[in-house]
Structure formats: C-alpha cells, structure tokens
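Remarks on the structure that follows.
The values are calculated or read from the model by the stated rules, or taken from the named source; none is laboratory data. Since this is a predicted model, take the numbers as computed values, not measurements. All Cβ positions, glycine included, derive from the backbone under ideal geometry; neighbour counts span all protein chains shown.
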C-alpha cells in the first residue's frame, strides 16, 4: 500500500523529539491510493479531494471519497462504485470506516446507508445505521447488512428478522 512508506518514515521521526507537530501530519489534495484484501482478490481504489495522514497514530482521514472496488482476479473488472462524505483508514488495524450519505452502485442495484466498515484482514463489509437497497424490481430496507467485499451475497438484518440476498450473473 502506498501509505506504508509514510508510516515507516513516521516511526523514524518519532525517535527525534525535536521534530515539529506539523511534520507528524501530512495533508494531500486530489489523491488516490489502493487497498487490497489479504488474499489480493479485491482492490479498492480510494480517491479524495482531501487526505490527512497522522504519522503518529497511523490514521488516514479523507473527505469526500469515491471508491472503485475491483475483482483483481479479472483485468479491470469493477464490481461496484461507492461515494461517501468521509472516511478513516487505520494502518495498524487494516480497517476502513466510511460515513456520510453513502451510495453504492452495484450494476443496476443501489445501496444507500450512513456507515460502512471494511475489515481488510477477513474481507468483511458491514453497513450500519439503516439502509435502503434498491433494485429494478423491488426496494428493501433494513437496519444492517453484512457481506464480503464482493457484495455478491448480503445478509440483511432488521429487528428480529434476517434475510439473505444473492446476486447472480445475468440477473437484476
């Protein structure tokens, strides 16, 4: 990942207390970076107008954010697009948190929610804070959903009820 270089630089700078605070915080504009799940089957390309990298904590903040998620086993195969107000990535935990008015476009289907987390290690994606799942044929609402990062199969929860939805190739 691109930002590991900055993180390692940060560790070296921490050994020198005379470094100023401004050097611990790196600000970037109109930048993108890539993340991969542990088995390298998913590539997340994050683009944002504003990135803030805290070298002491290993936390990257960005706003707004556009994310293209690729199936990296196939060349240039975008699985879905995601737009959100802001996000945080934690280098030490390999954990991504996205918040704001989130909209995910997966083919003809749209998921809207307020908060999504992605655990890079086990490749799980969770949507929280209520969601709306729109397809050309129906609309579903729920409290939370869980999936792997492919979003091919969603486990949906709402109150005491659970449902599973599986996308199939060639269907809506």
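Take the conditions modelled with pLDDT of 90 or more, assigned to a strand (DSSP E or B) and over 15 Å from the mean Cα position of the chain (by Cα) and apply them to residue 98. Does it pass?
no
Does residue 149 satisfy the condition of being free of Cβ contacts under 8 Å to residues at least 60 places away in the same chain and touching a strand residue (DSSP E or B) at 6+ places or on another chain (Cβ under 8 Å)?
On the way: free of Cβ contacts under 8 Å to residues at least 60 places away in the same chain: no; touching a strand residue (DSSP E or B) at 6+ places or on another chain (Cβ under 8 Å): yes.
Criteria not met by residue 149.
With the condition kept exactly as written, say whether any residue in segment 137-144 is more than 15 Å from residue 110 (Cα to Cα), over 18 Å from the mean Cα position of the chain (by Cα) and either surrounded by 14 or more Cβ atoms within 10 Å (Cβ to Cβ) or modelled with pLDDT of 85 or more (or both).
yes
Could you tell me which numbered condition residue 21 fails, if it satisfies all but one of (1) modelled with pLDDT of 90 or more; (2) over 19 Å from residue 116 (Cβ atoms)?
It fails just one condition, (1).
Anything in segment 38-66 that is crowded, with 16+ Cβ neighbours inside 10 Å, touching a residue at least 40 places away in the same chain (Cβ under 8 Å) and over 23 Å from residue 110 (Cα atoms)? List them, or say none.
Residues satisfying the conditions are 53, 55, 58, 60.
Suppose the filter is more than 20 Å from residue 45 (Cα to Cα), at pLDDT 90 or above and either out of contact with any strand residue (DSSP E or B) (no Cβ under 9 Å at 6 or more places or on another chain) or outside any loop (DSSP other than H, G, I, E, B) (or both); does residue 65 pass it? First the steps, then the outcome.
Values: more than 20 Å from residue 45 (Cα to Cα): no; at pLDDT 90 or above: yes; either out of contact with any strand residue (DSSP E or B) (no Cβ under 9 Å at 6 or more places or on another chain) or outside any loop (DSSP other than H, G, I, E, B) (or both): yes.
Answer is no for this residue.
How about segment 67-100: which of its residues are loosely packed, with under 15 Cβ neighbours inside 10 Å, more than 22 Å from residue 25 (Cα to Cα) and touching a residue at least 12 places away in the same chain (Cβ under 8 Å)?
Selection gives 73, 81.
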